[in-house]
Each structure stands twice: as C-alpha cells, then as structure tokens.
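Engineer: First, the structure itself, so that you have it in front of you.
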Amino acid sequence: AKKTARDMNKSRQETILGKMLELGYIDEATYEEAMAEKLTFTDGSVSADELVAAAESDTAGSQTPKYNSYFVDEVFRDVSKDLAEKLGISETDAQTKLYNGGYQIYTTIDPHIQELAESVYEDRSNLNVTSSSGQLLQSGITIVDPSTGNVVAMVGGVGEKSANLVWNYATGKRQVGSSIKPLTVYSPALDAGVITMASTFDNYPVRLLNDTPWPKNSPQGYTGLTTIEVGVAKSINTVAIRTLEELGTKNSYNFATQKLNLPLVEDDLNESSLGLGGLTNGLSTEDMASAYATFVNGGVYNSPRLYTEVRDADGNVVLENKAETHVAMKDTTAYFMTQLLKGTMNFGTGSAYKLKGMSCAGKTGTTSDNYDRYFVGYTPYYCAAVWCGYDKNERISYSGNPSAAMWEKVMQKIADEEENKDFNKPTANYVTVNVCMDSGMLATDACAADLRGSRVETVEVLAGTAPTEFCTLHVMRDYCTEGQTLAGPYCPAESVKQVGLLDYTRTDYGPDIVADDTPYLLSTVEAKGSCPVHTTDTTTPAQSEGDGTDTGTVDPSDIPPGEEGNYPGDTTDPSTGDGTTTTPDTGDSTQDAAGNDWWNQLWDPVA
C-alpha cells in the first residue's frame, strides 16, 4: 500500500533516532524508549497502518477515523501552490517536498474557533435538508480576523469529513446573489458621495426588458419612493440598480476589483452582475469574508491568508506570506456601510438571525431559482461568510436562509465567549438632519402631514453632505376625510383637513405594475374627482335678523328708507289676532318710490 505522509513521518522519526544513536547523541535505552513512543499528530489524523490495525482489533468500530481538517487541507494546497511558484517546480513536486522535507508551516488558525465551527458543521442535523433528487444540502464557511485578514477558521462541508483533500465548499466559487451589493454598489456609492444616509430611490421598475418590468424584487412588488436604509435592509433590487446607475458600472467594477480584490472578470461589467450578483464565475467565502471585513476594519482591506511563513528543516524561511494591506475606502464610508447592514439584522432580511448579546451586521444573498443561498455577517471581532447549495444546481427549499442559519449557529457560539461592544465610530464632523423619506430633501410641514402619517425621519450624515433644499415633492391640499378625496365646496369644515400629497409622476407600465405609494400621489387623488359624499349645500339657513333671509318676520332694518309707513308688520295680520292670516295687509303698498317690490325681496330672498 502507498505510504501516507503520516507513515513517512514515522519513518523519518526512526531514521533520525537511529542516526542520533549512531553518533552518540543518545544511549540505547533512550533510543528504545523513543522508538516505542506512539506519534500523536496535532490535527488528530492517523496513519494508514493505524487505521488497518484499528479495523482488525477487538475495538474496531469504537474509534472514529480522523482526517485533516478543511483548514489544514487548504493550508497544504496554498503552501504547495506558493512553493511551486517560488521554486519553479510543479505543484505535485511541491507536495512531495512538503511530505518529505521536514518543513515547518506556521498557520493563522485559531484552534478553538475552528473547533466551534466544526462542532456545528459536523452535526448534519443543523442542515438536514435533502433535494427532490436526493442531494444533501452542502455548505462552507470562512471566518477571518478583520484587523489582520487572517483566516482563523474554515470548514468546507457538512457532516463527518471522510478523507483528506476532499472538495472544499468554502473555497469553491459559487454565486453570491444580493450579498454582492454592499461591495459593488453601496460602499463605492457612499465613498464617491453619490449617496448619503438621506438618499432615496424609487422602488419601481427601472425599465422594460423584453416587455417585462426589470428588475424584479423578491418578494415581488414595488413600494415606491424608498430610503436607502430600507433599500439595503430589505435587499430591494430596484434600489440597488438605480444606485448603480448613478454610480456607473465602470466605477463599480473598478472599486470591487481594485479596492476589495474581488476576482471579477470583464464579462461582469454590467448591471445584472454588479447590481444583482449574477457573476460569471462566482466568488468564494474566503473572497467575501475578507472583503466585508474591510467594513469592520475602518476601510482598510487585508488580503486573506491561512499561513504566515514556511521554514525548512534547518529553520530557514522558505516562504513568507505577508498580508497585502491597503486603504480601500474612507473610514466614514465603512462606518455608514455598517450602519446600513445593521438595519438588515434589526428589521431586514437577516432579522431572524440576529445574534443575542452581540452587535452584528450582515447581508443575505439569493440567486435565481434559489440555487444558491449566501450570508456574510460580522461582529466587532470576526467576519464570516457562508454559502449553501447543492453539488448540482437544484432549488433549495428551506424556511428562511440556510446560510444565515449556519452563520448564526457558529457566530453565536463565538459571541457567547466575547464581551459585547459596538462597532468603532471614526472621528468626523457628523450632523443630524430631518429629511423627507420620499424625496431625501429637508423635511417640511407637508412631509409631516402626509396622508399615510409623518414621512419625516432623522438621519446622520457628514457635515457638508446634508441636503440643502426643502422637499418639493410634498404639497398641501384640503382633503375630505369622509369622501377620502380632495375637499369640495360642500364639504363641511369638520370633515376637512390639510394633508401632504406627493406631486410625483412615474412611468406607467400598466395596471399590473403599481407601486404601493400610488394612492398617495396628488395625481391619483385628483383623478377621484369631487367628493362623493358632500355633493350639495346641506347647510341649515341662518336664523339671524337683518340678513335678508326668510325668517317669518320682517326686520325693520331691512325696510327701505322712506317706506317705514308701509311696513306690513308680521306675516300674521295683527287685526285678526287669530294667527290665521299669512299674507301682508292688502291695503298696504309694498313698493318703494322706485317701484321695486321690496316686500317680496324681503319675504322671498330667492325671488
């Protein structure tokens, strides 16, 4: 049988001990004791001979064979690749040298965090999901220290590991969906000043694509004018695309590839890839975790690494793996991005997976047909990215987001051992302003009087970036609360109030595509026409004297000058006293000097 690295390690031990005995460095007793000592490997793995012996022993089955962790597997791959490049040899030859050369590899692993992650991932009950064709749902996770870029833990599969150097789902390139948006849309837009925390966009189709409104949201539907905070937290596709259009796809691509080292390709230079995550090759959890870690690290990007250096058997440094570090964005950009991603955990798509007793921020991701589910989240201490999916693309049926669920299970274990603290806030001149949630401009009384309720919110922005103009979208109108439309001439005062309506026009894509705020547009309310409840004058005639109205008596102040003698008196003829006569005395003249019948004018105001 072909000897494994463990077998060769044991053989090398025996060779060295024999040479030490030969040269007199140790005596026979020491040699025999050392030769009899069983080697214990730090990763828990055993040799092929030991596995065979265990299988044939009386205790066979009582021992679970252990293999290298996914982390160690990946270290071996990384070092082999780098050593091959350094020495100008093939990776196969580099692997042989690593097996036999007595090299010392210094890794970035945190054994305890690796153990915590493995405890979740080795338990299949944590992700016991099977596809309609019988595939088991798989997952990979990478956890990095944001301050260094060091990968502290990595697990590349769910369930017990069955061999060394198996496929690693943590490093495989898969689709990331909407989790790309903070990296390609929102952080570059914040950094360029294209958006602030006051910005708003219309959650409504951007255009028709093959006669179909695009982009679609998940869940489907359009809410209308929306704040950037809600757009990020709810992962609204239209908001991302509209932001990207203002930023520019080239600026987005350059930021992602040059500032955050994402291995995108030129075919990704389009709105669907950069705005929605439909990438050509996909990304690994290692790529995503290191990019998101920039938000925790004050805008400074650190390239991920699993080892720091490699020394040969004589202690000479053969490989030095320094992290590549650079400023990727302003520290204030990183701060505001974290504020937006905290919204995801507080009231957005990640709210079901918010950590208990620890500040956290993150972003979900879902691809077309639910083939891939993603989540990248972080605390002030660590950043972790998780992918879930099947070997062969198949729709994932899961109540919620399985990647966020696995993230929460691992990160909660880590958080339980850490003191809670908030994310760092960089020193800067911040101001708070009251803005309109529809226009993003300074709020007015009309914004506060919106028919839906106040549309005023307080946001924090950098001094000098706050809006300077007052909202022009909201206009005040008299509104009848009973007729639920603009007040008409017959609406009583007690039914009329002043409300703010949106004087905003958007493209009409047909009756099937209607934004939720459409009922509150001025044009919509005006289209209802006049009040359907108050259609005629229903006011009760006034009972005051001297106003020319019919009261049953004639006010002396209504009698034309010079005609006092013709005053006919009450409508009841006083001469009878029986209260039956209802016409004036026929003997009295009711015409004034000009011949006008002033009596009838007083008696019947409509005559």
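Engineer: Which of the peptides 16-28, 216-228 is most tightly packed, and how do the rest follow, going by the mean number of other Cβ atoms within 10 Å of each residue?
Structural biologist: Order by mean packing, descending: 216-228, 16-28.
Engineer: So what is the accessible area of segment 143-281 per residue, in Å², with the probe set to 1.4 Å?
Structural biologist: Ligands and nucleic acids excluded, the result is 36 Å² per residue.
Engineer: Would you work out which of V431, T458, G529 lies farthest towards the positive end of the dipole of segment 390-538, given +1 charges on the beta-carbon of Lys and Arg and -1 on that of Asp and Glu, about the Cα centre?
Structural biologist: Positive-end residue among those listed: G529.
Engineer: Calculated FRET efficiency, M20 and E309, Cβ-Cβ r, R0 41 Å, to nearest 0.05?
Structural biologist: The computed FRET efficiency comes out at 0.90.
Engineer: So how strong a dipole does segment 66-186 carry about its Cα centre when Lys and Arg Cβ are +1 and Asp and Glu Cβ are -1, to the nearest 20 debye?
Structural biologist: 360
Engineer: How would T294, T171, T325, T427 rank on accessible area, largest to smallest, probe 1.4 Å?
Structural biologist: T427, T325, T171, T294
Engineer: For a Förster distance of 35 Å, can you work out the FRET efficiency between the beta-carbons of Y398 and D512, rounded to the nearest 0.05?
Structural biologist: For R0 = 35 Å, the calculated efficiency reads 0.75.
Engineer: Keeping all protein chains in place, calculate the accessible area per residue for segment 469-525 (probe 1.4 angstrom), answer in Å².
Structural biologist: 56
Engineer: Can you send over the solvent-accessible area of Y103, 1.4 Å probe, protein chains only, in Å² to the nearest 10?
Structural biologist: Here the residue's solvent-accessible area equals roughly 50 Å².
Engineer: While we're on this one: Counting only heavy atoms of protein chains, what accessible area per residue, in Å², does segment 332-450 have with a probe of 1.4 Å?
Structural biologist: 38
Engineer: Then there's this: When you count, for each residue, the other Cβ atoms within 10 Å and take the mean per peptide, how do 176-189, 395-408 rank with the highest first?
Structural biologist: Going by the mean number of other Cβ atoms within 10 Å, highest first, we get 176-189, 395-408.
Engineer: For L208 and V265, what is the calculated FRET efficiency with R₀ set at 25 Å and r taken between the beta-carbons, to the nearest 0.05?
Structural biologist: Plugging the Cβ-Cβ distance into 1/(1 + (r/R0)^6) gives 0.35.
Engineer: Taking amide H positions as placed 1.01 Å from N in the peptide plane, with prolines and chain starts having none, which residues 5 or more places from Y307, or on another chain, fall under 5 Å of its amide H?
Structural biologist: Amide H neighbours of Y307: T108.
Engineer: Ordering W387, W214 from largest to smallest accessible area (1.4 angstrom probe), what's the sequence?
Structural biologist: From most exposed to least exposed: W214, W387.
Engineer: Now, a different point. Using only the heavy atoms of the protein chains and a 1.4 Å probe, how would E74, E37, E266 rank by accessible area, largest first?
Structural biologist: Largest accessible area first, the list is E266, E37, E74.
Engineer: Would you mind checking K161/K413; K330/K421; K81/K413; K181/K413; K250/K330 for any pair whose Cα atoms are more than 25 angstrom apart?
Structural biologist: Beyond 25 Å: K81/K413; K181/K413.
The values are calculated or read from the model by the stated rules, or taken from the named source; none is laboratory data. Here the structure is a predicted model, which means the values were calculated and not measured. No Cβ is skipped: glycine too gets one built from the backbone with ideal geometry, and neighbour counts run over all protein chains shown. Side chains are part of the model used for accessible areas, which takes the heavy atoms of the whole protein and leaves out ligands, DNA and RNA. Shrake-Rupley method; radii C 1.70, N 1.55, O 1.52, S 1.80 Å.
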